[in-house]
There are 2 protein chains.
Amino acid sequence: MSDRSPASPSLATDVGAQHAAPLHSARLNSPEPVSTFEVAAPDTDSRARCGRLHTSHGVVQTPAFMPVATQGTVKGITPAQLREVGAEIILANAYHLALRPGAGLIRELGGLHRFMGWDGPILTDSGGYQIFSLAPLRKVSDRGVEFRSHVDGTSLFLTPEDVVRLQADLGADIIMALDECVPADATPLQAEAAAWRTLDWAARSRAVQTASGQLLFGIVQGSTYKELRLRQVRELVGLDFPGYAVGGLSVGEAREITMTVAEETAAALPEDRPRYLMGVGLPEDLIRFVGMGYDMFDCVLPTRNGRNGMLFTGSGRVNIRLAQHARDQEPADPDCSCYTCRTFSRAYLRHVTVANEMLGGQLISLHNLHFSLQLMRDMRAAIAADRFAAWAAERVARLTAEALTPTLSTSSGQALSQREKEKAGA
Amino acid sequence: MSDRSPASPSLATDVGAQHAAPLHSARLNSPEPVSTFEVAAPDTDSRARCGRLHTSHGVVQTPAFMPVATQGTVKGITPAQLREVGAEIILANAYHLALRPGAGLIRELGGLHRFMGWDGPILTDSGGYQIFSLAPLRKVSDRGVEFRSHVDGTSLFLTPEDVVRLQADLGADIIMALDECVPADATPLQAEAAAWRTLDWAARSRAVQTASGQLLFGIVQGSTYKELRLRQVRELVGLDFPGYAVGGLSVGEAREITMTVAEETAAALPEDRPRYLMGVGLPEDLIRFVGMGYDMFDCVLPTRNGRNGMLFTGSGRVNIRLAQHARDQEPADPDCSCYTCRTFSRAYLRHVTVANEMLGGQLISLHNLHFSLQLMRDMRAAIAADRFAAWAAERVARLTAEALTPTLSTSSGQALSQREKEKAGA
């Protein structure tokens, strides 16, 4: 049924098993009705727009931020707390879940929503980025990608079709086509080869049966090459996906290039489909990219920063470990209404962080998520009131006023190392 | 004011500072009115009793289990979740908090309740056990104990008076006198010397001004020597404490000795004061010791086991890491109504535990705490209905039916290593 490599038999049991008898009712993946996404309120002075994305598990208001639940849990946060901070959709990772505990097992247990106790919309990333960043010894061909599991070293082979089926097993509301990511310093030839392969994989993914109601998004690659990106957009749009993601940005390229490519790509994507910028980001960046017309974002920074004692506040990031917070009675952010800010002082957050208590990471992650989600609510209100551009300028100025190194940081891991590099070089 | 050693000047700034100008209204520590503790319903077929302990931050129903918040946080659990699982009182550790972030700092910030966001009753342990188990290079004399901080190596000296004042700074509702703990293999002479010193320190602690409304408990030591224990009880009772703790048990002695000493000591303590058995424990042990007339317990096992993937259930402990739970749709405990059991399957708890996700420890800790606190509620109901003995026999039989090594495990750390030893030797 799938074109698995006979050289990697472990796949059949470990990852791709149980496709033969799908539990979900399945249908041929046909173009979604345009009404899946309604653009409700475009802003006049920017490309920002409000929208409503309809999924099998409810409506997502856009611009939307998706907390990241890589392994089927937003680190340190319960589903009840996700609701409490106002998350409307979360992101999980098909690659991680397929390796552990297995997509077939999750399907058997009633799907990812039931498994992880979250009944709202879920988007699963295909894992392309993870395969190209985490898996050792990967070998990519037009047919698919062979790699070793970073969990147990098992040799695996996945085709784009497999990846769609894995996500059908998981039962996510929005699923992503497998893509090939290249590093920032890829030559035009490398970038073009990966882009065409990504396009071919997108077409093959589009032809696979998915679970009823699942929305398959295509991913625009093309590295930093504008013409390549625009050609990708045209070709992908020809396949008529219900939504489009932009990947392969903020992987080490210069900030100006990220901004230009992101802006030109967004402008080329159709108005009536959601645009998802993968791996963003920092509060100020969320605002900037919403201004370019992006509708969806995901990033690990709220929780990763949370575990590292880094607080999001309206006037920039705060390192709670600093001695200056030892006696600070103020909450994490005086303007915030989250549980952490209603209950605890910075002095307490510093204490539990310095003492390596789990609660430090939990409370700061909760606050950072609330902060990011509140920012999206504020953006939607500003767009609805047709005053986004002015609002955005003021908020970005406040957010970056005290920043030592105001860098664009879209993809979390790279963002941090990029910032470190700049600090070292500055 | 306090008799600090000139050889350890760091104490003044790090631990014992700011006694000169107490913020709390203070008074001479006089015998508390008996009405602080009401014994409401003694059981006829056992020594179990229900009671109500009045504190400055509310009434505690006994028998009571106190979740442990060593460093001012119950590991992985928010104060809101503590309320949710029905905790009425929690335990913090004066030694740990005095070393980090400092008792003076906590007082400055409004006291421990405000600092940690918990407005219910708090008991602080004096830290005797920690000084004797964690601190390197300790030197004990009648005057007090000199030791190095396990946090930063600072040399410190604490008198029993200092320890009361530290707890006054923290503002706990119930505070403990400093005691000297000896290992299980202490000779009669060693045990007697430590016991007399503990008694002397208790008398000196009793004479110190405490914050208004604070209840100071004395601690019975005496190792495994019955006569020594009983003499300790008589002498301590002569000092008329509002409550009595029993320490120095389950530190490695044989199980039968623990049971005998605990039972005889409880029987010798006055009926009209709460009896607190320190460091207990496992569900089956909580039931047994309540049957002896103990009213209060604390133990790190619900949260430590939680972080290690060990679930409390009505039919014994379950190691969630085992492969047999990979596809288990059942909740942690089918009879439990906690958030974890209402929301997640064992399969999910296994997944997040095996994947080393924070949420595993959080969810299982939450369940284990709910389990322990529900057990106390069940015990209080059984006592009130005067059917505790029969109820206890049935519950202990169920709890231990499947246990491989049903051992008495009161003090967590020792309990585990003791069990390991027995496994290895059995």
Worksheet item: Residues in segment A:62-93 that are surrounded by fewer than 23 Cβ atoms within 10 Å (Cβ to Cβ) and hydroxyl-bearing (Ser, Thr, Tyr): how many?
Response: 1
Fill in: Selected residue [touching a helix residue (DSSP H, G or I) at 6+ places or on another chain (Cβ under 9 Å), touching a residue at least 24 places away in the same chain (Cβ under 8 Å) and on the phi > 0 side of the Ramachandran plot] from A:GLY213, A:GLY252, A:GLY247
A:GLY252
Discussion item. Would you confirm, using the coordinates I've provided, whether B:ALA389 is surrounded by 14 or more Cβ atoms within 10 Å (Cβ to Cβ), more than 24 Å from the chain's Cα centre (by Cα), modelled with pLDDT of 95 or more and part of a helix (DSSP H, G or I)?
Written reply: yes
Worksheet item: Got a number for residues in segment B:347-361 being more than 7 Å from every other protein chain (Cβ to nearest Cβ) and out of contact with any Lys or Arg (no Cβ under 9 Å at 6 or more places or on another chain)?
Response: 2
Worksheet item: Going by the structure shown, is B:GLY222 outside any loop (DSSP other than H, G, I, E, B), free of Cβ contacts under 8 Å to residues at least 60 places away in the same chain and out of contact with any Asp or Glu (no Cβ under 7 Å at 6 or more places or on another chain)?
Response: no
Worksheet item: Restricting attention to segment B:304-338, and to residues there that are polar (S, T, N, Q) and under 18 Å from B:GLN81 (Cα atoms), which single residue is least open to solvent (accessible area, probe 1.4 Å)?
Response: B:ASN305
Worksheet entry | The lone exception for B:SER372 - which of (1) within 14 Å of chain A (Cβ to nearest Cβ); (2) in contact with a strand residue (DSSP E or B) (Cβ under 8 Å, 6 or more places away or on another chain); (3) part of a helix (DSSP H, G or I) it fails | (1)
Worksheet entry | Any chance B:ILE287 is among the hydrophobic types (A, V, I, L, M, F, W, C) and farther than 21 Å from B:GLU192 by Cβ | yes
Item to complete: Evaluate the following for B:ARG52: is it more than 14 Å from every other protein chain (Cβ to nearest Cβ), surrounded by fewer than 22 Cβ atoms within 10 Å (Cβ to Cβ), modelled with pLDDT of 95 or more and farther than 20 Å from B:GLY281 by Cβ?
Response: yes
Discussion item. Out of A:ALA168, A:ALA245, A:ALA202, A:ALA191, I need the residue that is over 18 Å from A:TYR294 (Cα atoms) and in contact with a Phe, Trp or Tyr (Cβ under 6 Å, 6 or more places away or on another chain). Which one?
Written reply: A:ALA191
Practice prompt. Restricting attention to segment B:80-94, report how many residues are assigned to a helix (DSSP H, G or I) and not basic (Lys, Arg).
Written response: 5
Worksheet item: Hey, which of the helices (runs of 4 or more DSSP H) in segment A:95-205, taking only ones fully inside, have at least 3 residues that are open to solvent by 10 Å² or more (accessible area, probe 1.4 Å)?
Response: A:103-108, A:128-133, A:160-170
Discussion item. Could you check segment A:60-107 and list, in sequence order, the residues that are more than 10 Å from every other protein chain (Cβ to nearest Cβ), polar (S, T, N, Q) and closer than 26 Å to B:LEU366 by Cβ?
Written reply: A:ASN93
Discussion item. Consider segment B:96-135. How many of its residues are among the aromatic types (Phe, Trp, Tyr) and at pLDDT 95 or above?
Written reply: 2
Worksheet entry | Close pairs (6 angstrom Cβ cut-off, 6 or more residues apart or separate chains): more than 10 Å from every other protein chain (Cβ to nearest Cβ) and over 30 Å from A:CYS338 (Cα atoms) in segment B:108-133, of a type in the set (Val, Ile, Thr) and assigned to a helix (DSSP H, G or I) anywhere | B:SER126/B:VAL163
Item to complete: Please identify the pairs in which a residue from segment B:82-105 that is of a type in the set (S, T, N, Q) has its Cβ atom under 9 Å from the Cβ atom of a residue that is part of a strand (DSSP E or B), counting only partners at least 6 apart or on another chain.
Response: B:ASN93/B:VAL68; B:ASN93/B:ALA69; B:ASN93/B:THR124; B:ASN93/B:ASP125
Discussion item. For the structure I just gave you, tell me whether A:VAL280 is away from chain B (no Cβ under 14 Å), outside any helix (DSSP H, G or I) and modelled with pLDDT under 95.
Written reply: yes
Practice prompt. Filter segment A:304-336 down to the residues that are free of Cβ contacts under 8 Å to residues at least 24 places away in the same chain and under 19 Å from A:ASP378 (Cα atoms), then identify the one that is nearest to the other protein chains (Cβ to nearest Cβ).
Written response: A:PRO334
Discussion item. Being surrounded by 24 or more Cβ atoms within 10 Å (Cβ to Cβ) and among the acidic types (Asp, Glu) is the requirement here; does B:ASP285 meet it?
Written reply: yes
Fill in: Selected residue [under 21 Å from A:ALA202 (Cα atoms), surrounded by fewer than 24 Cβ atoms within 10 Å (Cβ to Cβ), out of contact with any His (no Cβ under 7 Å at 6 or more places or on another chain) and not hydroxyl-bearing (Ser, Thr, Tyr)] from A:GLU263, A:GLU253, A:GLU271
A:GLU271
Discussion item. Being open to solvent by 50 Å² or more (accessible area, probe 1.4 Å), modelled with pLDDT of 95 or more and either assigned to a helix (DSSP H, G or I) or within 30 Å of B:GLU357 (Cα to Cα) (or both): is that true of A:ASN356 here?
Written reply: yes
Response to the item:
For B:SER10, the lone unmet condition from (1) within 17 Å of B:ILE175 (Cα to Cα); (2) at pLDDT below 85 is (1)
Discussion item. Return the residues of segment B:279-295 that are within 15 Å of B:THR400 (Cβ to Cβ) and of a type in the set (A, V, I, L, M); say none if nothing qualifies.
Written reply: B:LEU282, B:LEU286, B:ILE287
Worksheet item: So which residues in segment B:175-205 are over 21 Å from B:GLU146 (Cβ atoms) and either out of contact with any helix residue (DSSP H, G or I) (no Cβ under 9 Å at 6 or more places or on another chain) or of a type in the set (Phe, Trp, Tyr) (or both), if there are any at all?
Response: B:ASP185, B:THR187, B:LEU189
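The values are calculated or read from the model by the stated rules, or taken from the named source; none is laboratory data. These numbers come from a predicted model, not from an experiment. So basically every Cβ, Gly included, is an ideal-geometry build from the backbone, and we count neighbours across all protein chains shown. Note: accessible area is taken over every heavy atom of the protein model, side chains too, but ligands, DNA and RNA are not part of it. Shrake-Rupley method; radii C 1.70, N 1.55, O 1.52, S 1.80 Å.
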